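Working notes, structure below.
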Amino acid sequence: MADRVTVIGWDGSPLPGAATAALSAATLVAGAAHHLALPEVPPNAERIRLGSIDLAARRIAGHRGSAVVLADGDPGFFGVVRTLRAREHGLEVEVVPAVSSVATAFARAGMPWDDAQIVVAHPRTLRRAVNVCRAHHKVAVLTSPGAGPAELALLLDGIHRTFVICEELGTARERVTVLTSDKAADHAWRDPNVVIVIGGGPETTPAGAWIAGRQPSYPQGIRGWALPAEAYRAAGAERMQESGEGEFPGLRAAQLARLGPRTGDLLWDIGSGSGALAVEAARFGAAVIAVDADPAACARTEAAARAFGVPVQVVRGRAPHILEQLPEPDVVRIGGGGVPVARAVIDRRPERIVTHASNRDEAEALGAALTGNGYTVECSLLQSVDLDTEVWTERERSVVFLLSAGRSDLAP
């Protein structure tokens, strides 16, 4: 095992004394081509061109001498430190950090970033990174080959965002470009780069904020989830109304619990009705597309999203045909459309689906449509009784069948 392993961050500025001292004593240096070309790298040291960090870690573990790993920015922030310290390699490292590429990108843009979400985009995680860009006002994307600005823009098709693209930060070839997302796919971009994606509603971090990242919106005096229509009207969505057995808060709470919408997910809300479920899923951090054929329902959903300060893409159209135009969902709530919509949704293979029925025959038909094709279905009968607490009499009763389908090929 190497006698000493030092990880040095490099941001284009002169290396500090601790870094030059470690390099001067190094018998092995690992890094990208531009790192290995630095004049401080000893000419007689063994050099490893970093491709796979795991392969490099095994080489370092078998080396006798002092090893140095050079990395861009802060190597402890989505960097090589985590891999080198992994149990299978057993390396103890000393770290000399530099300014992270994310901090540098926001500095070049002249913007604060305590309200930014930060994601890493690889080809396998690109879709989830795009969903974060759909759901949040300010996102920094650390890109990779095959998951860069052009690919981000193509998957954001129809969603307007501003891109600040920072290429090769800290080098003589550094370039910062600002353009709209619809133009980003027309260019070839150099790696590595950081893309700051701006849009999707107002900034949500007030002065004096105490936690990093997007701050959830809590209108004055409103707390909780699965809120009644009165809470939406109090927040400023004046036309909010519950519209039938699929809209009462108890059912919405159960649907959200089974869907579990989270950051990185895309949720379809088909038959969005009042817009309440779409808005609450967005408040959990998911990207949301609300679909309804009724223009009044679309307007209610847009108003509710504005009242709570969350981005919701509203698509007017009739399911199942309109669904062919939408990007791949992770979770889906079917608020209307029956068996044809359920079958169309299963064809898109989301992880979870929830829907409801007003009677047993309808529930059995929906359950049969959802069962099979790799899905397991559960059904519950939910009853909600609203009481008038002044006289303790029943004011309203709701009874509905709740169906939830989950892909059985996924780990629990």
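The values are calculated or read from the model by the stated rules, or taken from the named source; none is laboratory data. Note that this is a predicted model, so its numbers are computed, not measured. Cβ placement follows ideal geometry from the backbone for every residue including glycine, while neighbour counts extend to all protein chains displayed. Remember, those area values only see protein heavy atoms, side chains included, never the ligands or the DNA or RNA. Shrake-Rupley method; radii C 1.70, N 1.55, O 1.52, S 1.80 Å.
Surface analysis of the chain yields an accessible area of 47 Å² per residue, using protein heavy atoms and a 1.4 Å probe. The trypsin sites (Lys or Arg not before Pro) of the range 35-114 meeting both criteria, a DSSP state outside H, G, I, E and B (loop) and at most 13 other C-beta atoms within 10 angstrom of the site's C-beta, are ARG64, ARG87. One quarter of the convex hull surface built on the alpha carbon atoms of the chain amounts to 23.9 nm², the projected area averaged over directions. Using C-alpha pairs below 8 Å separated by at least 6 residues, the relative contact order for the chain is 11 percent. Between the range 374-399 and the range 19-35, the alpha-carbon centres lie 66 Å apart.
Based on the Kirkwood approach, the hydrodynamic radius assigned to the range 79-154 is 14.3 Å, with every pair of different Cα atoms included. GNM remark for the chain: springs join alpha carbons under 10 Å apart, and the peak mean-square fluctuation among ALA290, ALA153, ALA231 falls on ALA231. Per-residue ellipticity at 222 nm from helix content only, as computed over the chain with -39500 (n - 2.57) for each DSSP H run of at least four residues, stands at -8000 deg cm²/dmol.
Binned at 5 Å from 0, what are the whole-percent values of the Cα-Cα distance distribution for the range 54-182, short to long? Final binned percentages: 2, 9, 17, 19, 17, 13, 10, 7, 4, 1, 0, 0.
Taking only the alpha-carbon atoms of the range 1-125, what semi-axes of the equivalent ellipsoid follow from 5 times the gyration tensor eigenvalues under a square root, in whole Å, largest first?
Numbers: eigenvalues 132, 63, 29 Å².
In descending order, the three semi-axes are 26, 18, 12 Å.
Using a Gaussian network model of the chain in which every pair of alpha carbons under 10 angstrom is joined by a spring, one finds that among VAL119, VAL41, VAL194 the greatest mean-square fluctuation is at VAL41.
Three principal axis extents of the range 303-412 based on alpha-carbon atoms, in descending order, are 50, 36, 29 Å. Centre-to-centre separation between the Cα atoms of the range 245-273 and those of the range 54-99: 43 Å. With the charge dipole of the chain set up from +1 on Lys and Arg Cβ and -1 on Asp and Glu Cβ about the Cα centre, the Cα lying farthest toward the positive end among the listed residues PRO14, THR180, ALA296 is that of PRO14. Looking at the range 63-107, the GluC sites (Glu not before Pro) that sit in a DSSP loop and have at most 16 other Cβ atoms within 10 Å of their own Cβ are GLU88, GLU92.
Using only C-alpha atoms and all pairs of different ones, pull out the Kirkwood radius for the range 230-355 in Å with one decimal. Working shown, then result.
On the way: mean 1/r = 0.0710 Å⁻¹.
That comes to 14.1 Å for the range 230-355.
Sorted from greatest to least, the principal axis extents spanned by the alpha carbons of the range 145-192 come out as 35, 20, 13 Å. Highest average first, the peptides 135-146, 96-107, 270-281 ordered by how many other beta carbon atoms sit within 10 Å of their residues are 270-281, 135-146, 96-107.
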